[in-house]
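Asker: Got a structure here, written out as structure tokens. Questions coming.
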Protein chains: 2
Amino acid sequence: MPDNIYLGLVHYPVYDKGGDIVATAITNLDIHDIARMARTYGIRRYFMITPLETQQEMAGRVLRHWTEGTGADYNPLRKEALSRVSVVPDLETAQQAIAADCDGRTATVIATTARLADDAVDYSDLRRRMAEDAGPFLVLFGTGWGMEERFLKKAHYRLKPISGPESYNHLSVRSAAAIIVDRLLGDRQE
Amino acid sequence: MPDNIYLGLVHYPVYDKGGDIVATAITNLDIHDIARMARTYGIRRYFMITPLETQQEMAGRVLRHWTEGTGADYNPLRKEALSRVSVVPDLETAQQAIAADCDGRTATVIATTARLADDAVDYSDLRRRMAEDAGPFLVLFGTGWGMEERFLKKAHYRLKPISGPESYNHLSVRSAAAIIVDRLLGDRQE
């Protein structure tokens, strides 16, 4: 299992229900659920990506409560997960932070989406490539109705959507992130 | 993939932080996230299990809003997921509902837990057994600090905990449920 994997939750540019490009609000559960999952799978850092300063401040307050404030004493396990979360304005800033953490190397960006695409790779294929690559890797998840198509083009790989036996695939980003990280990094012997 | 799988989210009897046995509160996100995941994987029904009548009523109101109320018009996809959720007082009532749905057959109960146990089965093993069995199956997830040990003994199988590269495994029940259902029912070719 590679040990230099990073996650990013993209709040802009994403689609809203009507197909317009918007910045979504950071939700408390997206911070906590994904941070705990990331910590369980040995993810190095989980970036909350939003250009909105009020949102950056709000998320910063939540993180400080659990990593420095009374929350840190109340629940040290939560502190351990949330101390690996960073709030950044855009993908480029996340990339710079990763490079600073990885001897200047640029992360290979992996986009995830619920929409079908011809050039999407499957999980076992990407897992193999990750095993042969020194990394780092940054796996991006979209909020709202998914990341803008033009933004998705910045990724080196685009993963296939998760699909069940029928056509319904409206997972929350929290569920999708957990499933995707387990498919890429989970112990296949279990 | 078997098509007669049921999920149950157990709110009693579970441990609290101090190890006492309590009934936890139903949370809105546990309803929505797990219902959407269940619908994606073709789960027949998702039972919210709580003996507390005030909690049953609260969950019932949420479900009616999204399946009959204004929420149903606003988001038909959410209606599709939440129409497969039932609130029941205990495991026995869930079993009766499954039997009524499956020509009187009793569900094989699969418990999930973050605690280690000698008799726990691994995912590939249970997946094989499920493929050879006509079902139905009921997969139980615990809230709070996990299901009471004595209650867990009612299950036919106990799955191994999900573990990452280190010892930290404090997933939210929403993340754990998504990962476990994908490991048992997801497309392994992907």
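Values in this text are rule-based calculations from the coordinates and carry no lab data. Because the structure is a prediction, the values reported are computed rather than measured. FYI the Cβ positions are ideal-geometry reconstructions off the backbone, even for glycines, and counts take in every protein chain you see.
Asker: Using a 10 Å cut-off around each Cβ of peptide A:74-84, what is the average number of partner chain Cβ atoms that fall inside? Let's see the in-between values first.
Answerer: Working: counts 1, 2, 0, 3, 1, 0, 2, 3, 0, 0, 0.
The shielding value for this peptide is 1.
Asker: Output, in nm with one decimal and in ascending order, the distances from the A:ILE21 label point to the matching label points of the other copies (7 Å from Cα along Cα-to-Cβ).
Answerer: Distances between equivalent label points, in nm: 5.7.
Asker: Where both partners of a DSSP beta bridge lie in chain A, what percent of those bridges are antiparallel, to the nearest 5?
Answerer: 10 percent
Asker: Counting only other chains, what is the mean number of Cβ atoms within 10 angstrom of the Cβ of each residue in peptide B:31-38?
Answerer: Partner Cβ neighbours, averaged per residue: 4.
Asker: Once you place label points 7 Å from the Cα toward the Cβ at A:GLU132 and B:ASN75, how far apart are they in nm?
Answerer: 4.1 nm
Asker: For the protein assembly as shown, what is Rg from Cα atoms divided by 2.2 N^0.38 Å, rounded to two decimals?
Answerer: After normalising by residue count via 2.2 N^0.38 Å, the value is 0.97.
Asker: So what does the Cα-only Debye profile of chain A read at q = 0.10, 0.15, 0.18 Å⁻¹, as log10 I(q)/I(0), no solvent term?
Answerer: -0.39, -0.90, -1.31
Asker: Separation between the A:SER124 and B:GLU92 pseudo-spin-labels, each 7 Å from Cα along Cα→Cβ, expressed in nm?
Answerer: Distance between the two pseudo-spin positions: 4.6 nm.
Asker: Follow-up. With a 10 Å Cβ neighbour count serving as the proxy for reagent exposure, in which order, fewest first, do B:ASP20, B:ASP187, B:ASP119 appear?
Answerer: B:ASP119, B:ASP20, B:ASP187
Asker: Choose one answer from A:ALA114, A:ALA99, A:ALA23: the residue with the largest mean-square fluctuation in a GNM of chain A with alpha-carbon springs under 10 Å.
Answerer: For chain A, modelled as a Gaussian network with Cα springs under 10 Å, the answer is A:ALA99.
Asker: Convert each backbone phi in segment B:6-22 into a coupling constant with the Karplus relation 6.51 cos²θ - 1.76 cosθ + 1.60 (shift: θ = phi - 60°), then list the ³J(HN,Hα) values in order as whole Hz, x for Gly and Pro.
Answerer: Result, rounded to whole Hz: 10, 10, x, 9, 8, 9, 7, x, 10, 7, 9, 4, x, x, 7, 8, 9.
Asker: So, one more: Report the label-to-label distance for B:LEU52 and B:ALA114 in nanometres (one decimal), using points 7 Å from each Cα along the Cα→Cβ vector.
Answerer: 2.0 nm
Asker: Over segment A:76-131, one equal point on each Cα, no solvent: what is log10 I(q)/I(0) by the Debye formula at q = 0.19, 0.22, 0.29, 0.30 Å⁻¹?
Answerer: Taken in order of the listed q values, log10 I(q)/I(0) reads -0.98, -1.04, -1.07, -1.09.
Asker: Once the label point is placed 7 Å from Cα along Cβ, list for B:SER167 the distances to the corresponding points in the other copies, in nm, shortest first.
Answerer: For B:SER167, the inter-copy label distances come out at 5.0 nm.
Asker: To continue, here is another question. Treating the point 7 Å from Cα along Cα-beta-carbon as the label, what are the nm separations from A:TRP145 to the other copies, to one decimal?
Answerer: When each copy's label point is compared with this one, the spacings are 4.5 nm.
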